[in-house]
Amino acid sequence: MLKPDERIDDLQRDGLKIIQNPNGFCFGVDAVLLSHFITLKQRDIAVEFGTGTGVIPILLSAKVSFKKIYAFEVQPDVADMAGRSVEMNGLSDRIEIIEDNLKEALRYVPAGSVDAVFSNPPYMAGHSGLKNESSLKAVSRHELLCTLEDIVENAAKLLKHHGKFYMIHRPHRMVDIFSLCRKYHLEPKVIQMVQPFRDKAPNLFLLMCRRDANPELTFLDPLTVYERPGVYTQEIYDIYDMQHITAFTDKKEERP
């Protein structure tokens, strides 16, 4: 099942495991935070834009009894890894990996049929700071194959009335995100800032919007990731429900 340079990591939840390649991206704490932030119901159908190795749907499978998640991943090698992880965990009936650009989502999922859409998207706009646009890391970091507007627009098209849109992103893109969400009738409803240390400014935020909802934004208490360099706070350990976090790297949320 494994290809060269791949490894199997134990997610330490319900026996779940994931295939990763350290030469690409191993999932980061941002994926863990987003999976914790998302709420789904037993009969919900959801879509993920940019699933990477499929970690968020796999983590969600240990948390909630959703009906189906359609997870889009445009990079063939990464989508293949995600598909093998889903199969390895016996989740093929609940999670479907779709190897295609999220801009093609309506070819696979009917408009207005989805209860939730979520995304941990590229944080950097366009080619800013780009050195190698062919690498897996470049596609994961930069809006090369889709834009922030593509994500918001297609999420809005898929969602039912009052369906939920979840995202984790950088604070420097917050104005862009709020503007785009309102443009496509996704009203920001809940936000949570994430700071690396208690005395540092936030470097991430979690956002939940609702389709066609009334304006009213709730701020949750901020999350702090590190107690000190290399040591996570109890908040993070509680979110991941373990005392020894070994399966993920924290490099993704530190994307330049």
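Structure values in brief
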quantity	calculated
Selection from segment 101-126 of residues that are modelled with pLDDT under 95 and surrounded by fewer than 17 Cβ atoms within 10 Å (Cβ to Cβ)	Ala125, Gly126
Candidate set from segment 25-44 (those that are of a type in the set (S, T, N, Q) and over 11 Å from the mean Cα position of the chain (by Cα)); member that is surrounded by the fewest Cβ atoms within 10 Å (Cβ to Cβ)	Gln42
Single match in Leu144, Leu186 (criterion: closer than 30 Å to Asp221 by Cβ and either modelled with pLDDT of 95 or more or more than 15 Å from the chain's Cα centre (by Cα) (or both))	Leu186
Residue within segment 54-74 that is at positive phi and touching a helix residue (DSSP H, G or I) at 6+ places or on another chain (Cβ under 6 Å) present	yes
Val190 farther than 26 Å from Lys157 by Cβ and of a type in the set (A, V, I, L, M, F, W, C)	no
Unmet criterion (only one of (1) more than 16 Å from Arg170 (Cα to Cα); (2) over 20 Å from the mean Cα position of the chain (by Cα)) for Leu220	(2)
Qualifying positions in segment 45-87 - surrounded by fewer than 17 Cβ atoms within 10 Å (Cβ to Cβ) and either closer than 20 Å to Ile239 by Cα or out of contact with any Asp or Glu (no Cβ under 8 Å at 6 or more places or on another chain) (or both)	Ala62, Lys63, Val64, Ser65, Asp77, Glu87
Conditions (1) under 25 Å from Gly112 (Cα atoms); (2) more than 11 Å from the chain's Cα centre (by Cα); number of the one not met by Asp80	(1)
Filtered residue count, segment 12-32, keeping only those that are closer than 16 Å to Ala71 by Cβ and outside any strand (DSSP E or B)	4
Within segment 163-188, considering residues that are free of Cβ contacts under 8 Å to residues at least 40 places away in the same chain and either of a type in the set (Ser, Thr, Tyr) or buried (at least 18 other Cβ atoms within 10 Å of the Cβ) (or both), the one nearest to Asp30 (Cα to Cα)	Ile177
Failed condition for Ile98, given (1) crowded, with 18+ Cβ neighbours inside 10 Å; (2) touching an Asp or Glu at 6+ places or on another chain (Cβ under 7 Å); (3) not polar (S, T, N, Q)	(2)
Subset of segment 176-201 that is in a strand (DSSP E or B) and among the charged types (D, E, K, R) - its residue that is nearest to Leu34 (Cα to Cα)	Lys189
Enumeration of residues in segment 73-95 that are under 21 Å from Gly15 (Cα atoms) and touching a strand residue (DSSP E or B) at 6+ places or on another chain (Cβ under 8 Å)	Met81, Ala82, Gly83, Arg84, Ser85, Val86, Met88, Asn89, Arg94, Ile95
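The values are calculated or read from the model by the stated rules, or taken from the named source; none is laboratory data. Source: prediction; values computed, not measured. Using ideal geometry, Cβ is built from the backbone for each residue, glycine included, and neighbour counts are taken over all protein chains shown.
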